[in-house]
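Novice: This is the structure I want to talk about, given as structure tokens.
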Amino acid sequence: AEREAWAPRRQIVGECRLSMLMFAHLASAAFIASRSALLPTPATHPSAAATAGTRACVASAPRRGGEAVMAGMPLPAGSLVALATPMTSTGEVDIATLRELLRWHKAEGTDGVVILGTTGEASTLTSAEKEEVMAATREEVGGEMAILVGTGTISTEATIAATKQAKLFGADAALVVTPYYVKPSQAGLVAHFTRIADAVELPIVLYNVPGRTGVDMSVETTVALSRHPRICGLKDATGDNTRAAPMRAVCGDDFRLYSGEDAAAREYVLQGGDGVISVTANVAPAAVAAVMASGRAGDAAAALAADGPLMALHRDLFCEANPIPVKWALHKMGRMGEGVAAPARASLASP
């Protein structure tokens, strides 16, 4: 009898909680929109105004202004692999093995490939090695899988140069990390990314990874930058999934939102994200693609069923600094040699 008496109250409490959550979401989106309006934005820049109403993410499909502006593949939803760069035991890039990896990912259903990022150890490669990686990737999967190239550096001018080079080698987009070590202000981040997007006719995906760079690009800054027609997406490696829904509400459906945290990616997509730029996909590409497909379909139960067996893998692939564990796993799978670039190479001998 006591349980029956409480039943209506529990229903009322549940309805109140749901209403509060909906209100919080709408209020958060409105707050972000109002705050981002106070930041300097690319929309007021003369070169951005000239292309206002178009975004370079989509190659042949119409978007906000109904005009397509770029050749190349559109940014995909789903699973994009943050590809590890195969190396020999002495640290030289192994191009033949890279080609085999790319063909494997294509067969396994990976939606896109990110080369020369953190997992790809780009900061340790020479310019010639980077060119080899870009050329081989374009030859193997160009026009079949979207190719994103990591071009971000500590310097705005160096990043512009690297992004121009990526465009010459056939990249579909550039992944540009926030400048590391210098810890720029939010206004500094807006100026940095706006200059890059103005300078290079290539779609830009912002990369926010405060755990590595020491600076967290705020939601308001991301929204301000999303107004630039060439800034087409975000890799969010903050681990804060509460950012996804408000940014989706304000930035619109044609701004790609990718999780950069494998363990949080399923929930990120269920909250409104488009997919993941994944380390785990290096070793389990079909499984990660299945998680993303279920999440994008809004099937939380199926996404959990697919992701559950991967949770230990998500954890263990970060037991040491990335990419040491994932390269060890790929070596054990027979997918690449044991090479890791210095100085991380010394960690392979650690207990």
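Novice: Against the definition (part of a helix (DSSP H, G or I) and either touching a His at 6+ places or on another chain (Cβ under 8 Å) or not basic (Lys, Arg) (or both)), how does Gly239 come out, yes or no? Don't jump to the end; show me each part of the working.
Specialist: On the way: part of a helix (DSSP H, G or I): no; either touching a His at 6+ places or on another chain (Cβ under 8 Å) or not basic (Lys, Arg) (or both): yes.
Considered against the rule, which asks whether it is part of a helix (DSSP H, G or I) and either touching a His at 6+ places or on another chain (Cβ under 8 Å) or not basic (Lys, Arg) (or both), Gly239 comes out as no.
Novice: A further question follows. Would you confirm, using the coordinates I've provided, whether Gly275 is open to solvent by 20 Å² or more (accessible area, probe 1.4 Å), closer than 26 Å to Trp328 by Cβ and at pLDDT 95 or above?
Specialist: Numbers: open to solvent by 20 Å² or more (accessible area, probe 1.4 Å): no; closer than 26 Å to Trp328 by Cβ: yes; at pLDDT 95 or above: yes.
No: the conditions fail for Gly275.
Novice: Something else now. Please go through the stretch 144-179 and pick out each residue that is closer than 19 Å to Thr110 by Cα and either out of contact with any Gly (no Cβ under 9 Å at 6 or more places or on another chain) or among the acidic types (Asp, Glu) (or both).
Specialist: Answer for the stretch 144-179, where residues must be closer than 19 Å to Thr110 by Cα and either out of contact with any Gly (no Cβ under 9 Å at 6 or more places or on another chain) or among the acidic types (Asp, Glu) (or both): Glu144, Asp172.
Novice: Can you find, within the stretch 94-142, the residue that is nearest to Leu206 (Cα to Cα) among those that are part of a loop (DSSP other than H, G, I, E, B) and open to solvent by 30 Å² or more (accessible area, probe 1.4 Å)? Walk me through it before giving the result.
Specialist: Taking the stretch 94-142 as the starting set, the residues that turn out to be part of a loop (DSSP other than H, G, I, E, B) are 94, 109-111, 116-121, 125-126, 142.
When the remaining residues are screened for being open to solvent by 30 Å² or more (accessible area, probe 1.4 Å), the result is 94, 109, 111, 118, 126.
Working: Asp94: 28, Gly109: 24, Asp111: 19, Thr118: 14, Thr126: 23 Å.
Once the filter is applied, the top-ranked residue is Thr118.
Novice: Would you pick out the residues in the stretch 182-229 that are under 21 Å from Lys130 (Cβ atoms) and part of a loop (DSSP other than H, G, I, E, B)?
Specialist: Hits for the stretch 182-229 are Val200, Glu201, Leu202, Pro203, Val209.
Novice: So in the stretch 329-349, with the set limited to residues that are in a helix (DSSP H, G or I), in contact with a helix residue (DSSP H, G or I) (Cβ under 8 Å, 6 or more places away or on another chain) and modelled with pLDDT under 95, which one is most open to solvent (accessible area, probe 1.4 Å)?
Specialist: As a first pass, look at the stretch 329-349 and keep what is in a helix (DSSP H, G or I): 329-332, 344-349.
Restricting the remaining residues to those that are in contact with a helix residue (DSSP H, G or I) (Cβ under 8 Å, 6 or more places away or on another chain) gives 329-330, 344, 347-348.
Subsequent filtering for residues that are modelled with pLDDT under 95 retains 344, 347-348.
Working: Ala344: 29, Ser347: 35, Leu348: 73 Å².
Step by step, filter the stretch 329-349, then rank; the result is Leu348.
Novice: Mind checking which residues of the stretch 218-245 are open to solvent by less than 10 Å² (accessible area, probe 1.4 Å), within 18 Å of Ile277 (Cα to Cα) and not hydrophobic (A, V, I, L, M, F, W, C)?
Specialist: Across the stretch 218-245, the qualifying residues are Thr222, Gly233, Asp236.
Novice: State which residue is nearest to the chain's Cα centre (by Cα) when the search covers only the stretch 246-257 and only residues that are surrounded by fewer than 19 Cβ atoms within 10 Å (Cβ to Cβ) and assigned to a helix (DSSP H, G or I).
Specialist: Step one: list which residues in the stretch 246-257 are surrounded by fewer than 19 Cβ atoms within 10 Å (Cβ to Cβ), which gives 248-249, 252-254.
Next, from what is left, pick out any that are assigned to a helix (DSSP H, G or I): 248-249.
Details: Arg248: 15, Ala249: 19 Å.
Per the stated criteria, the residue is Arg248.
Novice: Right, another one. For the condition under 30 Å from Ala249 (Cα atoms) and either touching a Lys or Arg at 6+ places or on another chain (Cβ under 6 Å) or part of a helix (DSSP H, G or I) (or both), what is the one hit in Ala306, Ala312? Before the answer, list the steps.
Specialist: Details: Ala312 fails: under 30 Å from Ala249 (Cα atoms).
Ala306 is the lone residue from the list that is under 30 Å from Ala249 (Cα atoms) and either touching a Lys or Arg at 6+ places or on another chain (Cβ under 6 Å) or part of a helix (DSSP H, G or I) (or both).
Residues checked against (1) buried (at least 19 other Cβ atoms within 10 Å of the Cβ); (2) of a type outside the set (Val, Ile, Thr); (3) free of Cβ contacts under 8 Å to residues at least 40 places away in the same chain; (4) within 25 Å of Arg248 (Cα to Cα):
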site: Ala162; (1), (2), (3), (4): yes, yes, yes, no
site: Asp172; (1), (2), (3), (4): yes, yes, no, yes
site: Val182; (1), (2), (3), (4): no, no, yes, no
site: Ala191; (1), (2), (3), (4): no, yes, no, yes
site: Ile196; (1), (2), (3), (4): yes, no, no, yes
site: Pro210; (1), (2), (3), (4): no, yes, yes, yes
site: Asp216; (1), (2), (3), (4): no, yes, yes, yes
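Novice: May I pose another question? List the residue pairs whose Cβ atoms are under 9 Å apart, where the first residue sits in the stretch 110-124 and is on the phi > 0 side of the Ramachandran plot and of a type outside the set (A, V, I, L, M, F, W, C), the second is open to solvent by 20 Å² or more (accessible area, probe 1.4 Å) and modelled with pLDDT under 95, and the two are 6 or more positions apart or on different chains.
Specialist: Pairs found: Glu121/Ala344.
Novice: Let me confirm something: among Gly298, Gly272, which residue is more than 20 Å from Met87 (Cα to Cα), under 18 Å from the mean Cα position of the chain (by Cα), part of a loop (DSSP other than H, G, I, E, B) and of a type outside the set (A, V, I, L, M, F, W, C)? Steps first, answer last, please.
Specialist: Values: Gly298 fails: under 18 Å from the mean Cα position of the chain (by Cα).
Among Gly298, Gly272, only Gly272 is more than 20 Å from Met87 (Cα to Cα), under 18 Å from the mean Cα position of the chain (by Cα), part of a loop (DSSP other than H, G, I, E, B) and of a type outside the set (A, V, I, L, M, F, W, C).
The values are calculated or read from the model by the stated rules, or taken from the named source; none is laboratory data. Remember, predicted model here, so these are calculated numbers, not experimental data. Reconstructed Cβ throughout: ideal geometry from the backbone, glycine too, with neighbour counts over all protein chains shown. Just the protein is used for accessible areas: all its heavy atoms, side chains included, with ligands, DNA and RNA removed. Shrake-Rupley method; radii C 1.70, N 1.55, O 1.52, S 1.80 Å.
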